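**Q** Before I ask anything, here is the structure I am working with.
The values are calculated or read from the model by the stated rules, or taken from the named source; none is laboratory data. A quick note: this is a predicted structure, and the numbers were derived from the prediction, not measured. With ideal geometry, Cβ positions are generated from the backbone for all residues, glycine too; neighbour counts draw on all protein chains shown. Just so you know, the surface numbers come from the protein's heavy atoms only, side chains and all, with ligands and any DNA or RNA stripped out. Shrake-Rupley method; radii C 1.70, N 1.55, O 1.52, S 1.80 Å.
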Amino acid sequence: SQKIEQNSEALNIQEGKTATLTCNYTNYSPAYLQWYRQDPGRGPVFLLLIRENEKEKRKERLKVTFDTTLKQSLFHITASQPADSATYLCALDTGRRALTFGSGTRLQVQP
Amino acid sequence: ETGVTQTPRHLVMGMTNKKSLKCEQHLGHNAMYWYKQSAKKPLELMFVYNFKEQTENNSVPSRFSPECPNSSHLFLHLHTLQPEDSALYLCASSQKPPQQGTRNTEAFFGQGTRLTVV
């Protein structure tokens with residue numbers, strides 16, 4: 001069956017460190033992969049999109065990699081801040097009418 | 001402010017009630033979506049409207065009834081819900097190119113309606 005896996009356990013890191021979140025998928029061949037941020041009680045907010053022919057994408061302190069052989073995307077936040085604490089969702093474009101989302105990983109950055 | 005507005009933000013309803021959720025987007029997008037988000041679960045796609053036409057109904061029970069009167073407005077009519085329908089209901093919009101099989105662009109979400117069925 002098709003599956004998108006994100007680490008369900010919260011990731012706790014110290015302020016200033018780099019946070020790395022993982023998105024693994026099986027039985028999909030997405031052309032695009034997107035990352036979103038979601039704060040409690042609010043809708044997800046788009047962060048980055050990476051295409052299958054792109055290995056890496058950067059935006060300010062954010063970096064996303066996409067390995068279609070490993071079927072994995074890594075999402076990095078460098079110089080993390082307490083304000084980065086949120087749940088981060090990956091979403092695949094699987095050729096359906098809409099995006100398919102993972103369940104998200106909660107990031108907690110300690111001051 | 002994402003340009004997608006949902007009302008109400010919170011709703012408590014009994015199992016015999018009828019209520020409606022409203023979504024409005026001010027982004028000029030041509031596609032709108034309803035997602036359900038339950039605790040510890042991925043966002044679950046419910047309905048997709050593309051150019052006001054429903055293009056996907058993801059096996060949603062008939063007690064949920066969508067309506068899209070124009071490309072800016074989307075409703076979700078609720079009746080005889082069950083307690084397990086309690087969740088965060090999210091509306092989203094995006095701009096989809098008209099060609100068949102083209103990829104999804106980024107989605108813009110509303111703040112959601114927190115629904116509790118008692």
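**Q** Just to be sure I understand: with springs between alpha-carbon atoms less than 10 Å apart, which residue in B:LYS19, B:LYS40, B:LYS96 has the highest mean-square fluctuation in the Gaussian network model of chain B?
**A** Among B:LYS19, B:LYS40, B:LYS96, the largest mean-square fluctuation in the Gaussian network model of chain B belongs to B:LYS40.
**Q** Oh, and also: From the phi of every residue in the range B:83-95, what ³J(HN,Hα) in whole Hz does the Karplus formula 6.51 cos²θ - 1.76 cosθ + 1.60 yield, where θ is phi - 60° and glycine or proline is x?
**A** x, 6, 7, 4, 5, 8, 9, 10, 9, 9, 9, 7, 9
**Q** Same structure, new question: Quick one: Karplus J couplings for the range A:5-14, per residue in order, coefficients 6.51, -1.76, 1.60, θ = phi - 60°, nearest Hz, x for Gly and Pro?
**A** 10, 10, 4, 6, 7, 5, 9, 10, 9, 8
**Q** Can you tell me how the range B:1-53 classifies by the Cα gyration tensor, rounded, prolate or oblate, using a/c under 1.5 as the rounded cut?
**A** Prolate.
**Q** Write down the Kirkwood hydrodynamic radius of the protein assembly as shown, to one decimal in angstroms, obtained as one divided by the mean of 1/r over all alpha carbon pairs.
**A** After inverting the mean inverse Cα-Cα distance, the result is 18.3 Å.
**Q** Moving on to the next point. In Å and from the alpha-carbon atoms only, list the Rg and Dmax of chain A.
**A** Rg then Dmax for chain A, in Å: 13.4, 41.
**Q** Once you keep just the Cα pairs under 8 angstrom separated by 6 or more residues, what percentage relative contact order results for chain A?
**A** 36
**Q** Isolated Cys in chain B by the 4.7 Å beta carbon test?
**A** When partners are defined as cysteine Cβ atoms under 4.7 Å apart, chain B leaves B:CYS68 without one.
**Q** Same structure, new question: Give me the extension gain from B:SER62 to B:THR16: residue separation times 0.36 nm, minus the current Cα-Cα distance, reported in nm with one decimal. Spell out each step's value before the answer.
**A** Values: separation 46, 0.36 × 46 = 16.56 nm, distance 1.45 nm.
15.1 nm is the gain from fully extending B:SER62 to B:THR16.
**Q** Take the Cα atoms of chain B, build their convex hull, and give its volume per residue in Å³.
**A** Expressed per residue, the convex hull around the Cα atoms of chain B is 102 Å³.
**Q** While we're looking at this one, here's another question. Below 8 Å, C-alpha to C-alpha, sequence gap of six or more: please give me the relative contact order for the range A:1-54 in percent.
**A** Result for the range A:1-54 is 31 percent.
**Q** Something else now. Using all Cα-Cα distances in the range A:18-73, what percent lands in each 5 angstrom bin from 0 up to the longest?
**A** Spelled out per bin, shortest first, that is 4, 16, 29, 23, 17, 8, 2, 0.
**Q** Are any of the pairs A:LYS71/B:LYS22; A:LYS55/B:LYS36; B:LYS19/B:LYS41 more than 30 Å apart by Cα-Cα distance, and if so, which?
**A** Too far apart for the 30 Å limit: A:LYS71/B:LYS22; A:LYS55/B:LYS36.
**Q** Expressed as a whole percentage, what fraction of the accessible surface of the protein assembly as shown belongs to carbon and sulfur atoms when a 1.4 Å probe is rolled over the protein heavy atoms? It would help to have the intermediate numbers written out before the result.
**A** Numbers: 5330 of 11280 Å².
Carbon plus sulfur share of accessible area: 47 percent.
**Q** How would B:CYS68, B:CYS23 line up by accessible area, probe 1.4 Å, largest first? Don't jump to the answer; show the numbers that get you there.
**A** Working: B:CYS68 20, B:CYS23 0 Å².
If we order B:CYS68, B:CYS23 from most to least accessible, we get B:CYS68, B:CYS23.
**Q** In the protein assembly as shown, what % of DSSP beta bridges are antiparallel (nearest 5)?
**A** Values: 76 of 84 bridges.
Taking every DSSP beta bridge with both residues in the protein assembly as shown, the antiparallel ones total about 90 percent.
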